[in-house]
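See below for the structure under consideration.
The values are calculated or read from the model by the stated rules, or taken from the named source; none is laboratory data. On a predicted model such as this, the values are computed, not experimentally measured, just so you know. Neighbour counts run over all protein chains shown; Cβ positions are idealised from the backbone, glycine included. What goes into the accessible areas is simple: the full protein's heavy atoms, side chains included, and nothing from ligands, DNA or RNA. Shrake-Rupley method; radii C 1.70, N 1.55, O 1.52, S 1.80 Å.
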Amino acid sequence: MDMHTVVVGTSGTTAEDVVAVARHGARVELSAAAVDALAAARLIVDALAAKPEPVYGVSTGFGALASRHISHELRAQLQRNIVRSHAAGMGPRVEREVVRALMFLRLKTVASGHTGVRPEVAQTMADVLNAGITPVVHEYGSLGCSGDLAPLSHCALTLMGEGDAEGPDGTVRPAGELLAAHGIAPVELREKEGLALLNGTDGMLGMLVMALADLRNLYTSADITAALSLEALLGTDKVLAPELHAIRPHPGQGVSADNMLRVLAGSGLTGHHQDDAPRVQDAYSVRCAPQVNGAGRDTLDYAAVVAGRELASSVDNPVVLPDGRVESNGNFHGAPVAYVLDFLAIVAADLGSICERRTDRLLDKNRSHGLPPFLADDAGVDSGLMIAQYTQAALVSEMKRLAVPASADSIPSSAMQEDHVSMGWSAARKLRTAVDNLARIVAVELYAATRAVELRAAEGLVPAPASQAAVAALRAAGAEGPGPDRFLAPDLAAADTFVREGRLVAAVEPVTGPLA
């Protein structure tokens, strides 16, 4: 476990801190300013709770039941009940890193001082994270409006010592037992606190932040694999010239072209045509790689802007304002996050599609400019990478289905009080699958391209130094080179891990310098 400490203040958090807590077990600590802000906001809530006039979330029911004024003696029960009743998720458990991101981001909003939660509740949230206790959260239950209600409710249930949670050893036990084992007292919720723990976009935001981190690696990896495929196909690197991209100044396009050009520096393969009639132009999947990869990069940048705004936000309803007002609002609506989650699924699908087209070109003897059919050792006796491309094509096909936007849908709930919802949680869940699939797709192209580059080298053509570094590192990682047919799944799995862990980028950067 990483003992780096993330300090939670009143002004939000960073994407880097989310990843550190969610994936790497960083410790969480409340700043003194956050504790002060929590205490000040709680004084406001306590004053409102003492008044006879009803205040939503403090002394009323919730959602379509907000018209009922709740008496003092029932308010603690009201807060417990909202958590218990809203912890209604179903289906398989979501991943530990998603739950940790969910809890950390809810703590981020609580610490802003706009929710009215007591400092001791916030401290318990931090204690649960630091103990490595992970509430059991289920796949289904969030419509992405009024926040990620069911997932957050399962987390709040753990704070109360109820429901199930996973301990740091990976064993699922009753939450009360886990809290007791770590010396953490269950919280007894007071006015507004149950509602404040449930009402946020934290699940979809956490998954957006982690997807962005993964996609940054995959886009750089895809620039490298595109360069390797161009080289193996004896394509021209003239299309990567900076002056060509300067006259269409999309930032990502220029970055991808520069990455590819640096990977290809010193290649003895580019521009060597073995056809009777030299090619005037390479196919779109080769020639337009910077345009497609770059457009995706620009989309990542836009999504990161949205994520940054949300990370700086305090998402709750009602909120405590600095002037002492407690006001209802609609800031919990997940539309801004849901839209970019869907946008990322679209560009990931398109990146996977162009990767697959280059792989298919490498395997087709009619379009590969002298490479053996399917890159097989003895075509006919050996099938080579024929079925690896089938697997890649199946993944691409699923990516296209996952690109159908969740945020274009809405379904009414809460007796038509919540009559337009974002479906942002669903958008985030399918994006996670898309990101996993994209890593596999890039890995298959890498596996094919490195085999093709090695076959060219056997003909006496010298690959670029960066290409040689990529080939050597992949082989050392357990994905073998050309030869007779063998059990292929382990090689593809090794290539997948190699790409997913950022080792492809790490292998070429000592030659190319840092890639964007």
Next item on the list: Treating only the Cβ atoms of Lys and Arg (+1) and Asp and Glu (-1) as charged, compute the dipole magnitude of region 267-371 about its Cα centre; round to the nearest 20 debye.
Entry: 420
Notebook entry, point to check: Taking the Cα-to-Cβ direction at ALA265 and at THR171 and moving 7 Å from each Cα, how far apart do the two end points lie in nm?
Noted result: 5.5
Note to self: If I stretch the segment between ALA185 and GLU53 completely, what's the gain in nm (0.36 nm per residue apart, minus their alpha carbon distance), one decimal?
What the structure shows: 44.2 nm
Checklist line | Amide H within-cut-off set for LEU30, under 5 Å, with H built and near neighbours excluded | finding: VAL8
Next item on the list: Could I have the simple spin-label model distance between ASN81 and TYR302, label points 7 Å from Cα toward Cβ, reported in nm to one decimal?
Entry: 4.5
Checklist line | For a label point 7 Å along the Cα-to-beta-carbon line of LEU43, residues of region 115-157 with backbone N under 19 Å | finding: 115-122
Notebook entry, point to check: Relative contact order of region 309-447: what whole-number percent is it, with Cα pairs under 8 angstrom and at least 6 residues apart?
Noted result: 30
Item checked: Counting all C-alpha pairs of region 163-299, share separated by more than 22 Å (%) -> 59
Notebook entry, point to check: Could the peptides 303-314, 231-242 be put in order, highest first, of the mean number of other beta-carbon atoms found within 10 Å of their residues?
Noted result: 231-242, 303-314
Check: Can you list the aspartates and glutamates whose alpha carbon sits under 15 Å from that of LYS238, skipping same-chain ones fewer than 8 residues off?
Finding: ASP258, ASP282
Check: Can you list, bin by bin at 10 Å, the percent of alpha carbon pairs in the chain, starting at 0?
Finding: 4, 18, 25, 20, 15, 11, 6, 2, 0, 0
Notebook entry, point to check: Mind checking which aspartates and glutamates have their C-alpha under 17 Å from LYS108, skipping anything on the same chain fewer than 8 residues away?
Noted result: GLU16, ASP17, GLU29, ASP36, GLU97, GLU120, ASP127, ASP148, GLU193, ASP202, GLU310, ASP316
Note to self: Using a Cα-Cα cut-off of under 22 Å, which lysines could be cross-linked to LYS400, ignoring same-chain neighbours fewer than 8 residues away?
What the structure shows: LYS430
Checklist line | Computed [θ] at 222 nm, helices only, for the chain once each DSSP H run of length n ≥ 4 contributes -39500 (n - 2.57) | finding: -18000 deg cm²/dmol
Check: What does the charge dipole of region 97-182 about its Cα centre add up to, to the nearest 20 debye, if the Cβ of each Lys and Arg holds +1 and the Cβ of each Asp and Glu holds -1?
Finding: 320
Note to self: Relative contact order of region 217-268, please, whole-number percent, based on alpha carbon pairs below 8 angstrom and at least 6 residues apart.
What the structure shows: 49
Notebook entry, point to check: So between ARG401 and LYS238, what do we pick up on full extension, going 0.36 nm a residue minus the alpha carbon distance?
Noted result: 55.2 nm
Margin query: So if I place +1 on the C-beta of Lys and Arg and -1 on the C-beta of Asp and Glu, and nothing else carries charge, what would the dipole magnitude of the chain be about its Cα centre? I want it in debye, nearest 20.
Written below: 440
Item checked: Centre separation in Å (Cα based) which lies between region 180-238 and region 244-270 -> 27
Next item on the list: Once you have the Cα-Cα distance between VAL462 and ARG248, take 0.36 nm times their residue separation minus that, and quote the gain in nm to one decimal.
Entry: 73.8 nm
Check: Assuming R0 = 30 Å, what is the FRET efficiency of ALA283 and ARG23, from their Cβ-Cβ distance, to the nearest 0.05?
Finding: 0.20
Margin query: Which order do the peptides 374-386, 391-403, 323-335 come out in when sorted by mean C-beta neighbours inside 10 angstrom, highest first?
Written below: 391-403, 374-386, 323-335
Notebook entry, point to check: Taking the Cα-to-Cβ direction at ALA379 and at ASP419 and moving 7 Å from each Cα, how far apart do the two end points lie in nm?
Noted result: 6.4
Checklist line | Surface accessible to a 1.4 Å probe, per residue, for the residues of the chain, Å² | finding: 39
